[in-house]
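Read-outs throughout are calculated quantities, based only on the coordinates presented, and are distinct from any laboratory measurement. What you see is a predicted model, and the numbers here were worked out from it, not measured in a lab. All Cβ positions, glycine included, derive from the backbone under ideal geometry; neighbour counts span all protein chains shown.
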Amino acid sequence: MNQPMKEDINIPEVKNVTIAIVRKKNEAEEYIWDVYLMNGNNHCLENILIVSHGYGDQNGKQVKTSTLRHFFDNLDAHSSMVIESIDPSVFVLNNEFGVTFYVNGEMYFKKFTFVTGAISTEYLRSIAVIGMEGILHS
């Protein structure tokens with residue numbers, strides 16, 4: 001029996017699914033940062049698995065953060081949800097989010113990488129769908 005090769009597996013292109021890193025003020029008027037998954041499609045995303053980690057060079061030394069895994073049953077059409085909080089100390093690293101989900105039984109995958117320096121207040125913009133300011137990656 002022949003096993004399928006990775007090249008034989010067809011994973012469709014992901015459209016209208018984005019990651020945003022958003023800042024907001026807490027009760028103490030300090031900024032906190034959250035990572036959001038946003039679904040701009042007319043259909044629900046199901047069985048969502050998100051794997052995140054940071055990596056890169058810091059002061060001449062290779063650094064890698066812990067790997068976090070999150071599972072969500074679904075994300076409705078034209079909606080968003082918080083995946084995790086993110087500490088500003090890792091903004092100096094590449095921050096990667098691998099998102100796998102199903103639509104009508106078909107698997108989709110996309111990797112979103114915020115490169116070093118991409119998460120910065122200079123790149124903040126208003127994200128109307130969630131009513132906050134943040135950095136979008138699509």
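For this structure, a couple of remarks:
- For the range 77-88, backbone phi angles converted through the Karplus equation (6.51, -1.76, 1.60; θ = phi - 60°) give residue-by-residue couplings of 4, 6, 9, 9, 8, 6, 8, 6, 7, 9, 7, x Hz, Gly and Pro being listed as x.
- Note on the range 5-87: with charges restricted to the Cβ of Lys and Arg (+1) and Asp and Glu (-1), its dipole about the Cα centre is near 240 debye.
- Difference of contour (0.36 nm per residue) and Cα-Cα distance, M107 to N59: 13.4 nm
- Neighbourhood charge, 12 Å Cβ-Cβ cut-off, centred on S66 and excluding it, Lys, Arg +1 and Asp, Glu -1: 0
- The charge dipole of the range 17-137, taken about its Cα centre with unit charges on the Cβ atoms of Lys, Arg (+1), Asp and Glu (-1) only, comes to about 340 debye.
- Label zone (I9, point 7 Å along Cα-to-C-beta; backbone nitrogen cut-off 11 Å) within the range 97-116: 107-109.
- Neighbour-limited loop hits for trypsin sites (Lys or Arg not before Pro), the range 1-83 (at most 13 other Cβ within 10 Å; DSSP other than H, G, I, E, B): K15
- Listed residues S80, G131, F112: farthest to the positive end of the dipole of the chain (Cβ charges): F112
- Reciprocal mean inverse distance between Cα atoms of the range 17-137 - Kirkwood radius, Å: 15.1
- Ranking of M107, M38, M81 by count of other Cβ atoms within 10 Å, fewest first: M107, M81, M38
- Evaluated over the chain, the count of Lys pairs having alpha-carbon atoms less than 23 Å apart is 7 (only pairs 8 or more residues apart or interchain).
- Difference of contour (0.36 nm per residue) and Cα-Cα distance, V129 to Y31: 33.3 nm
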